[in-house]
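> What follows is a structure written as structure tokens; I'll ask about it next.
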Amino acid sequence: MQNAIHRNADVLVIGAGMAGLSAATALRKAGREVLVLDKGKQTGGRMATRRVGGATFDHGAQFVTARDPRFAALLEEAQTAGVAVEWCRGFTSEADGHKRWRGAPGISALANFGTVGLEIVQERQVAALSQAGDHWLIRMTDGEVYSAGAIILTTPVPQALVLLEAGGVQLEPALKTRLSAIEYERCLAVMAVLRGPSRMQAPGGFAPTQGPIAWIADNQLKGISDEPAVTIHATDAFSVAQWDQDRDETARGLLAAAEKWLGVGIQSFQIHAWRYSKPKQTDPLLFAEVSLSPLLLLAGDAFAGPRVEGAALSGWAAAEAMIHASRPVQNL
């Protein structure tokens, strides 16, 4: 017996990262009824901030840059609202002068800027998407079913392909080939509370060129943590090699590799695994059309560039295509 449909939605956005939230906000402003589903406990996706006592960590995306005028204008609005703060204009003596923005109090605040009032259902994981006539059925892992007239899917591309295949959605061969070619870097992220200030210098971010560490940031120097606290990102190669190993031992190894920048004892640490940290290659279009009737679009940083700005631009482009769905979709 088929499960009863829990509820209907005009547009369903799957994923509450930057792409999903940007798309949902644009759709809501255009008067569309929007529901956002996300499997996480917090919105923002890889724009993630975590608190451990008096310490605050950005443990996913570290900062935001803007090249597109529309996204730059959003950051200016966020700055006026006290949600965005210029962190620096480079991390070495050869700084390029380009603004790096941080969130206030953390990067997740930037992801959530302007989303007040959005209907977001969290800690709900989608199992499959299937077409039923002129609408979509969204089956959750607990068996519950949603119905939507249109979908914007913003999960990492490999996860999106699994959901579509599970529901029997057939992709055009050329599109399937394009999307199947998109791979992601992995990243093991260590968050460590220090017993005192680190040895790092302002502005508090550094990307080593050798060894297992791709990035290290002092969150206190960055201006988001009351207590000394560092975030360490492992390289993709190290993360892949250590993925199935004991996580605490891996974290201790990364902390040992960072000792010359820390210089003090570790009070406590946590480790988080980003399976889909950053796309290794991106699709040339701003979003992907899976179906035009009923409408299903894929969006995210794999379509517009592996940065926060790219995710936002992709989400906006997908939303605009959906708003004007009565006309041919313009995917430029």
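The values are calculated or read from the model by the stated rules, or taken from the named source; none is laboratory data. These numbers were taken from a predicted model, which means no experiment stands behind them. So basically every Cβ, Gly included, is an ideal-geometry build from the backbone, and we count neighbours across all protein chains shown.
> What single numbered condition from (1) in contact with a strand residue (DSSP E or B) (Cβ under 9 Å, 6 or more places away or on another chain); (2) over 18 Å from F57 (Cα atoms) fails to hold for A214?
(2)
> Let me ask something else about it. Residues of region 155-183 being over 18 Å from the mean Cα position of the chain (by Cα), buried (at least 17 other Cβ atoms within 10 Å of the Cβ) and assigned to a loop (DSSP other than H, G, I, E, B), which ones?
G167, V169, L171
> Related question: Here is a list of conditions, (1) at pLDDT 95 or above; (2) out of contact with any helix residue (DSSP H, G or I) (no Cβ under 9 Å at 6 or more places or on another chain), and A128 meets all of them except one; can you say which number that is?
The failed condition is (2).
> Taking region 279-322 only, how many residues are touching a Gly at 6+ places or on another chain (Cβ under 9 Å) and either modelled with pLDDT under 95 or surrounded by fewer than 17 Cβ atoms within 10 Å (Cβ to Cβ) (or both)?
Number of matching residues: 3.
> I've got another one for you. Could you tell me whether any residue of region 94-105 is among the hydrophobic types (A, V, I, L, M, F, W, C), closer than 18 Å to A16 by Cα and at pLDDT 95 or above?
Scanning region 94-105, I find no residue that is among the hydrophobic types (A, V, I, L, M, F, W, C), closer than 18 Å to A16 by Cα and at pLDDT 95 or above, so the answer is no.
> Of all residues in region 283-302, which are touching a Phe, Trp or Tyr at 6+ places or on another chain (Cβ under 7 Å) and either part of a strand (DSSP E or B) or under 19 Å from T235 (Cα atoms) (or both)? Please lay out each step first, then the result.
First, the residues of region 283-302 that are touching a Phe, Trp or Tyr at 6+ places or on another chain (Cβ under 7 Å): 283, 285-288, 294, 296-299.
Residues satisfying the conditions are A288, L296, L297, L298.
> Ok, one more. Determine which single condition V11 fails, assuming it passes every other condition in (1) in a loop (DSSP other than H, G, I, E, B); (2) in contact with a Lys or Arg (Cβ under 7 Å, 6 or more places away or on another chain).
Result: V11 passes all but (1).
> Scan region 184-242 residue by residue and report those that are under 19 Å from the mean Cα position of the chain (by Cα), assigned to a strand (DSSP E or B) and more than 17 Å from V264 (Cα to Cα).
Y184, E185, R186, C187, L188, A189, A214, W215, H233, A234 - these are the residues of region 184-242 that are under 19 Å from the mean Cα position of the chain (by Cα), assigned to a strand (DSSP E or B) and more than 17 Å from V264 (Cα to Cα).
> What's the number of the condition A72 fails, among (1) free of Cβ contacts under 8 Å to residues at least 12 places away in the same chain; (2) of a type in the set (A, V, I, L, M); (3) in a strand (DSSP E or B)?
Failed condition: (3).
> Just one of (1) in contact with a helix residue (DSSP H, G or I) (Cβ under 7 Å, 6 or more places away or on another chain); (2) assigned to a loop (DSSP other than H, G, I, E, B); (3) in the same structural domain as A304 (by TED's automatic domain parsing) trips up R67, so point out which.
(3)
> A128 is checked against (1) farther than 22 Å from E77 by Cβ; (2) surrounded by fewer than 18 Cβ atoms within 10 Å (Cβ to Cβ); (3) free of Cβ contacts under 8 Å to residues at least 60 places away in the same chain and fails just one. What number does that condition carry?
(2)
> Taking only region 14-37 into account, find how many residues are touching a strand residue (DSSP E or B) at 6+ places or on another chain (Cβ under 8 Å) and assigned to a loop (DSSP other than H, G, I, E, B).
Counting residues in region 14-37 that are touching a strand residue (DSSP E or B) at 6+ places or on another chain (Cβ under 8 Å) and assigned to a loop (DSSP other than H, G, I, E, B) gives 4.
> Moving to a separate point now. Any chance region 38-60 includes a residue that's more than 27 Å from G196 (Cα to Cα), at pLDDT 95 or above and either aliphatic (A, V, I, L, M) or part of a helix (DSSP H, G or I) (or both)?
For region 38-60, residues more than 27 Å from G196 (Cα to Cα), at pLDDT 95 or above and either aliphatic (A, V, I, L, M) or part of a helix (DSSP H, G or I) (or both): absent.
> Working carefully through the options I216, I152, find the one that is aliphatic (A, V, I, L, M), under 30 Å from V34 (Cβ atoms) and buried (at least 21 other Cβ atoms within 10 Å of the Cβ).
Unique residue meeting the criteria: I152.
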